[in-house]
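This report refers to the structure that appears directly beneath it.
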Amino acid sequence: MSFEFVKVMPTPEQVKNDFPIPENLKEIKKKRDEEIAKVFLGESDKFLLIIGPCSADNEDAVSDYCLRLAKVQEKVKDKIIIIPRIYTNKPRTTGMGYKGMLHQPDPEKKPDLLAGLAAIRKMHIRVLNETGLSAADEMLYPENYRYVSDILSYVAIGARSVEDQQHRLTVSGMDVPAGMKNPTSGDLSVMMNSVIAAKSGHTFIYGGYEVKTSGNPLTHTILRGAVNKHGQCIPNYHYEDLIRLCDMYKEMDIDNPGVIVDCNHSNSNKQYLEQIRIAKEVLHSMRHSDDVKKLVKGLMIESYIESGCQKIEEHIYGKSITDPCLGWDETEKLILDINDLL
């Protein structure tokens with residue numbers, strides 16, 4: 001019933017110095033950040049696809065997957081910006097199980113957070129170097145964001161974190177887009193209040209300092225479905241849901257309205273193949289309403305090399321060890337179909 005202080009962790013500056021981003025990659029990321037920001041500022045009509053494994057558990061497989069994404073990106077570059085999901089922090093509903101590469105760079109070994117920090121920086125830098133694609137991750141722990149703040153082009157705040165004050169205030173100091181998911185209850189007002197908080201400036205304690213932020217104008221919403229009191233999944237990607245969100249943005253007078261629709265999680269009831277149908281339904285809603293078309297900035301899709309999921313000890317290359325994902329063949333076809341439908 002107490003803390004055991006295992007080791008002193010290096011500062012974010014020390015870790016960044018030990019695993020620096022080469023200057024040429026900094027420039028690539030800067031251009032990517034500018035291009036992605038224009039989507040959320042309403043200056044670009046390109047469509048975002050935040051796509052990749054439920055959790056990034058193996059550097060070689062993740063890099064292989066992202067190389068495949070890069071080849072497809074070249075085919076759809078006129079309409080779509082692909083942002084790889086390289087999720088290195090895995091939220092667990094009960095707190096048990098694999099918590100991501102940050103905790104366990106080897107999923108079958110004990111937690112080693114120092115080795116985890118090194119592993120995730122190396123993986124992100126490798127992907128950026130090999131593919132030219134800067135990635136997205138979930139900010140599960142606000143204090144840890146500073147260790148990767150220079151390598152991410154997109155940040156998601158999860159359904160269990162979106163009500164937390166520290167998450168909201170930390171987002172207010174970011175200079176990249178941050179998506180605030182609706183909570184598991186499905187209460188959209190919680191999500192909208194989170195957006196307002198993150199778009200505003202604040203003064204608070206962070207990383208041992210008193211800090212002041214100016215607010216993040218790139219903050220937006222993510223619809224990921226909900227769970228009712230009986231544990232049943234309630235989707236919120238339908239046309240009526242999107243119109244309701246349009247109305248809420250107007251009523252709350254929030255500038256630069258935008259939403260990313262998460263095609264998995266409670267929207268699909270974790271039936272990963274349903275992501276294909278859901279993605280196409282959202283595109284249909286966009287064609288039906290100019291307001292919805294303006295609101296929806298992109299989709300979030302869980303995808304890997306092999307379809308489905310596996311137990312950690314099965315060792316199938318490129319297959320999720322957490323939630324099930326679309327396989328590569330379905331993924332490539334879906335991206336090309338989305339491009340044709342835009």
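In terms of surrounding Cβ atoms within a 10 Å radius of their Cβ, D337, D253 rank from fewest to most as D253, D337. What does the net charge come to around A37 if you take all other residues with beta carbon closer than 10 Å to its beta carbon, with K and R at +1 and D and E at -1? My count for the surroundings of A37 gives -3. When restricted to Cα atoms, the range 1-90 yields an Rg and a Dmax of 17.4, 56 Å, respectively.
May I ask you to list, by number, the DSSP H helices of the chain whose Cα span along the axis is at least 24 Å and whose average Kyte-Doolittle hydropathy reaches 1.6 or more?
Numbers: long enough: 23-40 (26 Å, -1.30); 59-76 (25 Å, -0.31); 113-131 (27 Å, 0.61).
None pass (Cα extent of 24 Å or more, hydropathy at least 1.6).
Relative to the globular-protein estimate of 2.2 N^0.38 Å, the Cα radius of gyration of the range 236-311 stands at 1.22.
In the P(r) worked out for the range 1-158, what percent of Cα pairs fall beyond 22 Å? Beyond 22 Å sits 42 percent of the P(r) for the range 1-158.
May I ask you to derive the relative contact order of the chain, considering only C-alpha pairs under 8 Å and at least 6 residues apart, and to give it as an integer percent? Please report the intermediate quantities before stating the final value.
On the way: 666 pairs, mean separation 55.7, N = 342.
About 16 percent, as a whole number.
Taking 25 °C and 0.890 mPa s as conditions, the range 141-249 diffuses translationally at an estimated 169 µm²/s according to Stokes-Einstein applied to its Kirkwood radius (Cα pairs).
Each Cα pair under 8 Å and six or more residues apart adds its sequence gap; the mean of these over the residue count of the range 180-256 is a relative contact order of 28 percent. Calculated mean residue ellipticity, 222 nm, the chain: -12000 deg cm²/dmol, from DSSP H runs (n ≥ 4) at -39500 (n - 2.57) each, averaged per residue and rounded to 500.
DSSP assigns beta bridges within the chain; of those with both partners inside it, close to 20 percent run antiparallel.
Only the coordinates and a few stated rules stand behind these numbers; no lab work does. Computed from a predicted structure; not experimentally measured. Here the Cβ is made from the backbone with ideal geometry for all residues, glycine too, and neighbour counts use every protein chain on show.
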